[in-house]
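Q: I'd like to ask some things about the structure below.
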Amino acid sequence: MSMNSFGHLFRVTTWGESHGPALGATVDGCPPGVEITEAMIQQWLDKRKPGQNKFTTQRREPDAVKILSGVFEGKTTGTPVQLMIENTDQRSKDYGDIAEKFRPGHADITYWQKYGIRDYRGGGRSSARETAARVAAGGLAREAIRKLVPNVEIKGYMTQIGPHKIDHERFDWDQIDQNPFWTPDEVSADEWADYLDGLRKTGNSVGAVVEVVAKGVPAGLGAPVYGKLDTDLAAAMMSINAVKGVEIGEGMDAACLTGEENADEIFMGNDGQPVYSSNHAGGILGGISTGQDLVVRFAVKPTSSILKTRQTITKSGEAAEIITKGRHDPCVGIRAVPVGEAMMACVILDHLLLHRGQVGENQGKIG
C-alpha cells in the first residue's frame, strides 16, 4: 500500500494496523537541535488515547510512545525520528463475524475491491487507531515550532455533535480542557453528555464538527498556486479517518455573504503591523497566511461499527445482515480533536521550513 506519507520538508510516514503488534510514525526533515523527550510527546497522546470516559471506546491502550531513532542527548539530530506505540489491548475475536461481510459506511468494501485482501481486525489501516501515530508526530512538530516561532499556539475543540451546536455567545477558552468533549461551551457539554449517553446505550453513533485554531502564525506562509497553505491544511484534515468535510475560515457560509460582508477590512495597528476588522478568510489569502488566526473546521462522520442491524453483502455477493460487536466510539469526533491539532502543527512546521528555505524573512515591508 502506497501513499502513507504527507508533508514536503517535514515529512511524516505512518505505519501499522489497529490490531497489529504496534503502530507509529517515521518523521524525516525535523530540524536538528529541537529538545524532545517521550514525555513531551506523551502529553498529546494522553489526550487522544481510548478508554478515558464512557463517551469513547473502552479499549484500554496506554499509547506509550517510544523514540527509537533521531534523538541524541535529548535533542533531534536532523536524521529520521522513529516513533513507536505498541498495541496492548487488542480483541481481534470481536471481529470474527465480519470477516466475510462488509460494514455499511466503512472502508471494508473499498479496501477489498482495491487490494483483494483486507485486515478486518478493527479495520487495519482504515481504523481511527492509525491517528495515534499522527498525534505523536504532531507532538514533535509542536516542539520544533516552539523553537522557530515561540508564540504559536494551537487549540482544537468541538463545536457540534449530531444536530447540537455550541452557543458562541458562551465561548470560553478555559472550558475546553474541563469536559470530555473538548468544547468551549459548558452548557453544551452537559447537554451533549445526556444526548450521547442515550445513543451509546442503544448501540448507535453520531458525527461531530471539530474546529482547530492556530494563533501567532506569522504572515507569509504558503505559496501560490499549488503550494497554498489552505490546500495543505485541507488535505491534512481530510486525510484523518472518518472526516468527510473541511472548511477554512467562513467556509461554506462564505457563499451566503456579499463581497462587502466578506471583505476583512485592513488598518494599521499601533505596533506598525496590519490589523483586520474580521477574519472571514480564516487567516489565509491567496494561499498565504495573513498573520491572523488560522481557522480550520472539519466534519467527522458517525462511527460505522454499531450495534444496530444493517443490511449488507458478503465477499461472495450474498445478501446478509450485520451487527458489529466490540468496543467502538459512539462519537469518534471527540478523539479527533487532538488529531486535528496534530495535523495543524505538522502543516505549519512544514510551511515554516518551506518559507525559510525559499524566502528567509518576509520581503515585503509595510510602513
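The values are calculated or read from the model by the stated rules, or taken from the named source; none is laboratory data. Keep in mind the model is a prediction, meaning the values are calculated, not measured. Heads up, the Cβs are rebuilt from the backbone with ideal geometry, glycines too, and the neighbour counts pull from every protein chain shown. Just so you know, the surface numbers come from the protein's heavy atoms only, side chains and all, with ligands and any DNA or RNA stripped out. Shrake-Rupley method; radii C 1.70, N 1.55, O 1.52, S 1.80 Å.
Q: Quick one: in the range 34-51, which of the residues that are modelled with pLDDT of 95 or more and part of a helix (DSSP H, G or I) is surrounded by the fewest Cβ atoms within 10 Å (Cβ to Cβ)?
A: Taking the candidates together, the pick is ALA39.
Q: Tell me which residues, restricted to the range 305-335, are under 21 Å from SER205 (Cβ atoms), surrounded by fewer than 20 Cβ atoms within 10 Å (Cβ to Cβ) and touching a strand residue (DSSP E or B) at 6+ places or on another chain (Cβ under 9 Å).
A: THR309, ARG310, GLN311, THR312, ALA320, GLU321, ILE323
Q: Can you tell which of VAL217, VAL246 is modelled with pLDDT of 95 or more and either open to solvent by 30 Å² or more (accessible area, probe 1.4 Å) or in contact with a His (Cβ under 7 Å, 6 or more places away or on another chain) (or both)?
A: Answer to the check: VAL246.
Q: Please go through the range 224-246 and pick out each residue that is under 12 Å from ILE284 (Cβ atoms) and touching a strand residue (DSSP E or B) at 6+ places or on another chain (Cβ under 9 Å).
A: Hits for the range 224-246 are PRO224, LYS228, LEU229, ASP230, ASP232, LEU233, ALA234.
Q: Right, next: Suppose the filter is open to solvent by less than 20 Å² (accessible area, probe 1.4 Å), farther than 21 Å from ALA242 by Cβ and not in a helix (DSSP H, G or I); does PRO184 pass it?
A: Yes.
Q: Okay, moving on. Need the failing condition index for ILE240 against (1) open to solvent by 90 Å² or more (accessible area, probe 1.4 Å); (2) part of a loop (DSSP other than H, G, I, E, B), just the number.
A: ILE240 satisfies all of (1) open to solvent by 90 Å² or more (accessible area, probe 1.4 Å); (2) part of a loop (DSSP other than H, G, I, E, B) except (1).
Q: State the number of residues belonging to the range 93-134 that are open to solvent by 40 Å² or more (accessible area, probe 1.4 Å) and among the aliphatic types (A, V, I, L, M).
A: Residues flagged as open to solvent by 40 Å² or more (accessible area, probe 1.4 Å) and among the aliphatic types (A, V, I, L, M) within the range 93-134 amount to 2.
Q: Could you figure out which of (1) assigned to a helix (DSSP H, G or I); (2) open to solvent by 30 Å² or more (accessible area, probe 1.4 Å); (3) acidic (Asp, Glu) isn't true of GLU143?
A: That leaves (2) as the condition not met.
Q: Restricting the range 5-21 to residues that are of a type outside the set (Phe, Trp, Tyr), touching a residue at least 60 places away in the same chain (Cβ under 8 Å) and closer than 26 Å to GLY333 by Cβ, which is most open to solvent (accessible area, probe 1.4 Å)?
A: Result: GLU17.
Q: If I filter the range 245-288 down to residues being touching a residue at least 40 places away in the same chain (Cβ under 8 Å) and among the hydrophobic types (A, V, I, L, M, F, W, C), which single residue comes out as farthest from GLY227 (Cα to Cα)?
A: Checking each candidate, the answer is MET268.
Q: Which residues, counting only those in the range 146-173, are outside any strand (DSSP E or B), of a type in the set (Phe, Trp, Tyr) and in contact with a strand residue (DSSP E or B) (Cβ under 8 Å, 6 or more places away or on another chain)?
A: Of everything in the range 146-173, just one residue is outside any strand (DSSP E or B), of a type in the set (Phe, Trp, Tyr) and in contact with a strand residue (DSSP E or B) (Cβ under 8 Å, 6 or more places away or on another chain), namely TRP173.
Q: Right, something else. Return the only residue of PRO62, PRO31 being at pLDDT below 95, open to solvent by 10 Å² or more (accessible area, probe 1.4 Å) and of a type outside the set (Gly, Ala, Ser).
A: Within the list PRO62, PRO31, the selection yields PRO62.
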